[in-house]
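One structure below.
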Amino acid sequence: MTKYLYGAAVQGIQGFIFQTNELRDIIGASELVEQICTTAFQEMVGEQPNIIRAAGNIKHVFDRREDCERTVREFPRKVLCIAPGITFSQAVVELDDDNDFAARVDELEQKLRVQRNRPAPSTTLGLMAIKRAPKTGLPAVDIENGELVDRATQCKRKAVHNMALVDKCFGQSGLSGRNVALNIEDMTLKNDWIAVIHADGNGLGQVVQRVGRDSEKFSKFSRLLEQATVAAAHAAYLKVEGLFTGKIPMRPVVLGGDDLTIIMRADLAVPYAQAFIAAFEQQTQEKLGAILAENRVFDGKQAKLTCCAGIAFIKSSFPFHYGYNLAEQLCEQAKKDAKTDVHLLEGGLAPSCIMFHKVQDSFVESFADIERRELLVGPKISWKHGPYYLETPDTKDRWTIAELTQRVDELDKEDENARVVKSHLRQWMTLMHDSPEKAEQKDKRVRSILTSEQLKLWEEVMSFSKRNDRKGKDVKEVSVKHYPAYDLLALHSVTYQDTTSN
């Protein structure tokens, strides 16, 4: 019997969510995207099981052609009524009993890519063509408190008090806007720094190759993966819950499949990310271990998935979309390092790790530009010491997340040792830019005057990892020393620096 594999994708989710820099509009947009893939699609098809339904991605098998045609005809209108201005694509392929399910999924993805590349006409309407909302540039439909607003912003602001995504991420029922951050001022405390975290699972490609040929197995895997990711988010929230009082200084942006994007107070970011990727490993082992082992996804040597995360530390006034783009790039950098041969776990699975950067500039292009402009001291010296791993990697010169946070805490101790080391460390870093020879002399001088306790801390923060970095297409790899000093001082400042009491 012929069935119909339906696929839908919300395009440009981040563009829709980060259309303005108003936290309330970002929150409302996140709730709308979550609604599209959950309650809205469920209302369209009923309680039938889905293959995938998360993070702007829907795959569903229809038994009847009429039901599939109705969804193709009516669901886009429903989506655009919920979230005006969002871009939405859909496609369908036939699925016979003797079809290769994985091949049909590939065909569906190809059709969705074709649809995504076709420019969609604007469906955003306004009262007058010459009146536009200043924050988005879209046609205005109303005036709220003296401000011209477009239709999409109206919908976002109506959805801002929805708690579906918050409840899903924090695992707490009964939350309301009164105790969850609604404005950016609710997220800052001692200083003006906030964090954008983007986390993404590893090993999904191997899973699809092994499990993706069977629709029932793949559907079950997708459902359990969603449950594992949500449970990991719950565990991470509980881990940092005791670090704040009053309003919850964090808001989820995307949570679905193996993806998480969340905005929060800066000092909570590393503990939260560490707890999330640890819980992600544990939850995927508990919920997916049997499927991974039975299908020998990682040669039977790993019965879990791992996760990498990128953290962009930005000022609260900094454009959120730049922060998200940077967090996504940092996550990719972490994955790239984790996938090198020296780090791979048994079975070829990349280990869990995080990478972060504190934005010092007024404009961010790409992390490659940041690295070239801010982190390279010379042809053989770099301040890029990450990523930092959940477990001790085989290369002993890399740090774990626990070692990173422990040394940051040591630098914050209210004693002479921490103050002396921080002062000399900043002077040494300045000399590294101006004159490496003088920096070397400074290092020798400091070592000769420090006490034994100070020297121990100094040697830890002055350690480096030696890596082979490719410097250009036509240039051979160069052995580069990667020092942790920059990361330590950056993380210390966003975690402990107090600028509000001055």
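Give the value in nm², to one decimal: projected area of the alpha carbon convex hull of segment 128-250, averaged over all directions.
Working: hull surface 48.2 nm².
In nm², the orientation-averaged hull projection of segment 128-250 is 12.1.
Over all directions, the average projected area of the alpha-carbon convex hull for the chain comes to how many nm²? Provide the component values of the computation, followed by the final result.
On the way: hull surface 109.0 nm².
Computing the convex hull of the Cα atoms and averaging its projections yields 27.2 nm².
Taking the alpha-carbon distance from Lys422 and a cut-off under 17 Å, which lysines remain once sequence neighbours fewer than 8 residues away in the same chain are dropped?
Lys413, Lys442, Lys444, Lys456
Pairs of alpha-carbon atoms within less than 8 angstrom and 6+ residues apart define the contacts here; what relative contact order does the chain have, in percent? Please list the in-between numbers first.
Values: 906 pairs, mean separation 64.8, N = 502.
Relative contact order for the chain comes out at 13 percent.
Once you compute Rg and the Kirkwood Rh from C-alpha atoms, what is the Rg to Rh ratio for segment 264-414? Write out the running numbers ahead of the final one.
On the way: Rg = 16.8 Å, Rh = 16.8 Å.
Here Rg/Rh amounts to 1.00.
So which lysines pass the test for Lys315, namely a Cα distance under 22 Å, with those fewer than 8 places away in the same chain ruled out?
Lys135, Lys190, Lys247, Lys358, Lys384
What FRET efficiency comes out for Leu344 versus Thr451 if R0 is 35 angstrom and r is the Cβ-Cβ distance? Round to the nearest 0.05.
It comes out at approximately 0.25.
Can you list which of the trypsin sites (Lys or Arg not before Pro) found in segment 310-389 are DSSP loop residues with at most 15 other C-beta atoms within 10 Å?
Values: sites: Lys315, Lys335, Lys336, Lys339, Lys358, Arg372, Arg373, Lys380, Lys384; in loops: Lys339, Lys380, Lys384.
Sites meeting the loop and neighbour criteria: Lys339, Lys380.
What number in nm² do you get for segment 1-105 if you take the convex hull of its Cα atoms and divide its surface by four? Kindly include the intermediate steps, with their values, before the conclusion.
On the way: hull surface 26.5 nm².
Seen from a random direction, the Cα hull of segment 1-105 projects 6.6 nm² on average.
For segment 354-471, what is the per residue volume of the convex hull drawn over the alpha-carbon atoms, in cubic angstrom? List each step's numbers first, then the result.
Values: hull volume 15.3 nm³, N = 118.
Convex hull of Cα atoms, per residue: 130 Å³.
What share of all Cα pairs of segment 169-364, in percent, falls into each consecutive 10 Å distance bin?
9, 35, 33, 17, 6, 0
About its Cα centre, what dipole magnitude does the chain give when the only charges are +1 on Lys and Arg Cβ and -1 on Asp and Glu Cβ, stated in debye to the nearest 20? Numbers along the way, then the final one.
Working: 67 positive and 71 negative charges, 169 e Å.
Using only the charged Cβ atoms, the result is roughly 820 debye.
What trypsin sites (Lys or Arg not before Pro) does segment 139-215 have in DSSP loop regions with at most 14 other beta carbons within 10 Å? All intermediate terms of the calculation are to be shown ahead of the outcome.
Working: sites: Arg151, Lys156, Arg157, Lys158, Lys168, Arg178, Lys190, Arg210, Arg213; in loops: Arg178, Lys190, Arg213.
Filter output for segment 139-215: Arg178.
Taking 1 over the mean of 1/r across every pair of different Cα atoms in segment 406-496, what Kirkwood radius in Å do you get? Provide the component values of the computation, followed by the final result.
Numbers: mean 1/r = 0.0697 Å⁻¹.
That comes to 14.3 Å for segment 406-496.
Within the chain, what's the longest stretch lacking GluC sites (Glu not before Pro) that sit in DSSP loops with no more than 13 other Cβ atoms inside 10 Å? Before the final figure, lay out each step's value.
Details: sites that count: Glu47, Glu346, Glu365, Glu414.
Longest stretch, sites excluded: 48-345.
Neighbouring Cβ atoms within 10 Å as the yardstick, rank Cys155, Cys307 fewest first. Write out the running numbers ahead of the final one.
Values: Cys155 21, Cys307 33.
Listing Cys155, Cys307 from fewest to most nearby Cβ atoms yields Cys155, Cys307.
Pick out, in residue order, every one of the trypsin sites (Lys or Arg not before Pro) in segment 1-109 that is DSSP loop and has at most 16 other C-beta atoms within 10 Å; say none if there are none. Write out the running numbers ahead of the final one.
Values: sites: Lys3, Arg24, Arg53, Lys59, Arg64, Arg65, Arg70, Arg73, Arg77, Lys78, Arg104; in loops: Arg64.
Answer by residue number: Arg64.
Throughout, read-outs are computed from the coordinates displayed, never taken from laboratory work. Note that the structure is a prediction, hence the values are computed from the model and not measured. Positions of Cβ are generated from backbone atoms using ideal geometry, with glycine treated the same way; all protein chains shown enter the neighbour counts.
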